[in-house]
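Student: One structure is given below, represented as structure tokens, and several questions about it will come after.
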Amino acid sequence: MATDSRTAAMPLLVLLGLVCQEAGAAVAVTIIPDIGAWGVIASRLLFSALVLLPFAFLRLRRGAPIHWPTVLAFGVSLAAMNAFFYLALARIPLGVTVTIEVMGPLVLSVFASRSWKGLLWAGLAATGVVLLGGGAQDLDPVGLLFAAGAAVMWAAYILTARAAGAAMPGLVGLALAAAVGALITVPIAGVVVGAALLAPQALALGLAVAVLSSAIPYGIELSALRRMKAETFAILLALAPAIAAIAGLVLLDQRLTWVVAAGIALVTVAGVGAVASAGRKAVPAVEEAMLDVAADGAHRRPSEE
């Protein structure tokens, strides 16, 4: 009975992870004026690498292979996705940024479904984007372009993550990619931001962004994927634009017009529909890696730790 109760609570736990992720993005918005977007980008990737590398070391200690060309491609896509995302956040609201960004994986889900339903959801998403454009006259066009870049790089991130998952077990690829991303972005942040990046408050808030946006969601995903279908998990992740819009309103007082809000709602519905239509094929590659780690942890004996 207790196990059934925990399983029933998993969707709420996944939604909590999404809330933490968007709360982390909201914290990032508050510190961008102090350390710039590049400071946030570097801090998140650096601290995320420090959180994830222990998972990789456990696998590497047990003889896991490293495919460096895949790691480098994965790391570049991860760094670029984060760079475009936070550069967009510096200019346009959180809800709009996430809604545009999610078009990348949504398009992949439509292709994965290979059905007329997928085209239907693509049309609905396109309508949402048109509404965003029609109600976004006051939005920074450069910020919109950065968000579009984040969408493209999120799609690239998923494809390279799948390649990494095929070449390396568990979270080895993601952890090493985060390290590569940190090696790319930290020097850039050092040049752009300078000593402000090392201020205690900046470091503390950068750590908060990484914990809220990476550590807590990853921990929740590991727990949730042991007890729920990966397809259900992916559908819940598709709610990110709506949750981001709410987080922007509540935490940052980012008010949206009704037209923009309607656009976000349509893209969210389209994302959920596309994932549901594609089924297991739409599960993000990193979540597949999480599933591998979760299954490994569930079956490992204490003596194997």
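We did not get these values from a lab; they are worked out from the coordinates using the rules stated. None of the values given here were measured: they were computed from a predicted structure. Cβ: placed from backbone, ideal geometry, glycine included. Neighbour counts: every protein chain shown.
Student: Less than 19 Å from a label point 7 Å out along the Cα-to-Cβ axis of ALA195: which backbone N atoms in the range 29-55 qualify, by residue?
Tutor: 34-36, 39
Student: Report relative contact order for the range 13-298 in percent, whole number only (criteria: Cα-Cα under 8 Å, sequence separation at least 6).
Tutor: 38 percent
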